[in-house]
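See structure below.
The values are calculated or read from the model by the stated rules, or taken from the named source; none is laboratory data. Just so you know, these numbers come straight off a predicted model, no measurement behind them. Cβ atoms come from the backbone with ideal geometry, glycine included; neighbour counts cover every protein chain shown. Just so you know, the surface numbers come from the protein's heavy atoms only, side chains and all, with ligands and any DNA or RNA stripped out. Shrake-Rupley method; radii C 1.70, N 1.55, O 1.52, S 1.80 Å.
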Amino acid sequence: MDTTSYEAADPDDAVAHFGTAARNLLAAEKRAGVRHHVLLSIVGIDRIEGNAHYAGKREQERLVAQGPVPWTIVPFTQFHDFAATVTSWTEQDGVAPIPPLLVQPIAPADVADILAEIATDAPQGRYRDVAGPEPQDLVDMARRTSDARGHTVKLIPTWSSLLGPEMAGNVLLPGEGARIAPTTFDEWLADARR
């Protein structure tokens with residue numbers, strides 16, 4: 001199972017990193033006789049240009065699909081803690097610019113359960129999109145997460161941040177026929193408060 005991630009500002013760097021990691025992992029799996037490579041990927045990466053991370057993930061998907069090990073690629077939407085992560089990337093002096101993205105976030109525990117289920121099944125090629133149960137506004141998610149964690153931050157909705165207008169609208173939402181995981185953002189947030 002490949003759940004690797006890598007943060008890079010440069011697309012060439014991301015493509016090189018994800019490419020090297022995927023080639024090494026696939027070669028090791030072939031030598032070991034692995035019969036099912038499962039890759040955690042991201043919904044919408046094929047619809048967004050200019051994002052270094054997504055460029056790297058596209059390369060990773062390409063190598064897995066052309067690789068020597070039978071595979072399943074599972075595209076997930078952003079995790080419930082994505083808003084807090086974006087805030088942590090941009091916050092300076094108590095102020096955080098944050099893009100007004102529309103997302104349909106999923107609980108990390110649901111991701112783990114679904115990946116475990118898929119890993120024990122036969123390879124399926126490209127799996128359908130997997131998402132949480134309801135669309136959310138990233139700015140509102142960031143505000144609610146910060147409040148729940150007792151963290152004071154002034155959020156500035158803007159496309160002049162890390163993630164730009166190429167991610168506006170429905171591009172990060174799951175496609176038709178998506179698999180919907182059960183845990184809502186509110187349920188996850190209630191658990192995060194404990």
> Is it fair to say G177 is touching a residue at least 12 places away in the same chain (Cβ under 8 Å), on the phi > 0 side of the Ramachandran plot and either among the aromatic types (F, W, Y) or open to solvent by 30 Å² or more (accessible area, probe 1.4 Å) (or both)?
Replying inline: yes
> When both residues are 6+ apart or on different chains and their Cβ atoms are under 8 Å apart, which pairs have a first residue that lies in the range 129-142 and is touching a residue at least 12 places away in the same chain (Cβ under 8 Å) and under 22 Å from E176 (Cα atoms), and a second that is open to solvent by 20 Å² or more (accessible area, probe 1.4 Å) and among the basic types (K, R)?
Replying inline: D129/R179; V130/R179; A131/R179
> Can you tell me which residues in the range 1-13 are aliphatic (A, V, I, L, M) and within 15 Å of the chain's Cα centre (by Cα)?
Replying inline: A8
>> For the range 75-88, which positions are surrounded by 22 or more Cβ atoms within 10 Å (Cβ to Cβ) and part of a loop (DSSP other than H, G, I, E, B)?
In response: T77, Q78, H80
> Filtering the range 42-69 down to residues that are under 24 Å from S160 (Cα atoms) and in a loop (DSSP other than H, G, I, E, B), which residue is most open to solvent (accessible area, probe 1.4 Å)?
Replying inline: E49
> Could you list, in sequence order, the residues of the range 101-112 that are in contact (Cβ under 8 Å) with a residue 60 or more places away in the chain and not in a strand (DSSP E or B)?
Replying inline: L101, Q104, P105, A107, A109, D110, V111
> Only one of (1) surrounded by 15 or more Cβ atoms within 10 Å (Cβ to Cβ); (2) touching a strand residue (DSSP E or B) at 6+ places or on another chain (Cβ under 8 Å) is not met by G94, so which one is it?
Replying inline: (1)
> Out of curiosity, is V74 of a type in the set (V, I, T) and closer than 18 Å to P165 by Cβ?
Replying inline: no
> Would you pick out the residues in the range 17-37 that are open to solvent by 50 Å² or more (accessible area, probe 1.4 Å) and free of Cβ contacts under 8 Å to residues at least 24 places away in the same chain?
Replying inline: T20, N24, L25, R31, A32
>> If I filter the range 97-113 down to residues being surrounded by fewer than 19 Cβ atoms within 10 Å (Cβ to Cβ) and not charged (D, E, K, R), which single residue comes out as farthest from L155 (Cα to Cα)?
In response: A112
>> Residue under question is A116, and the condition is that it be touching a residue at least 40 places away in the same chain (Cβ under 8 Å), open to solvent by 50 Å² or more (accessible area, probe 1.4 Å), part of a helix (DSSP H, G or I) and not basic (K, R); does it hold?
In response: no
>> Consider the range 132-167. How many of its residues are open to solvent by less than 40 Å² (accessible area, probe 1.4 Å) and either aliphatic (A, V, I, L, M) or assigned to a loop (DSSP other than H, G, I, E, B) (or both)?
In response: 13
>> Condition (residue is among the hydrophobic types (A, V, I, L, M, F, W, C) and more than 16 Å from the chain's Cα centre (by Cα)) applied to the range 41-63: is it met by at least one residue?
In response: yes
> So is E166 farther than 21 Å from T3 by Cβ and at pLDDT 95 or above or not?
Replying inline: no
> Failed condition for T72, given (1) at pLDDT 95 or above; (2) assigned to a helix (DSSP H, G or I), with all others met?
Replying inline: (2)
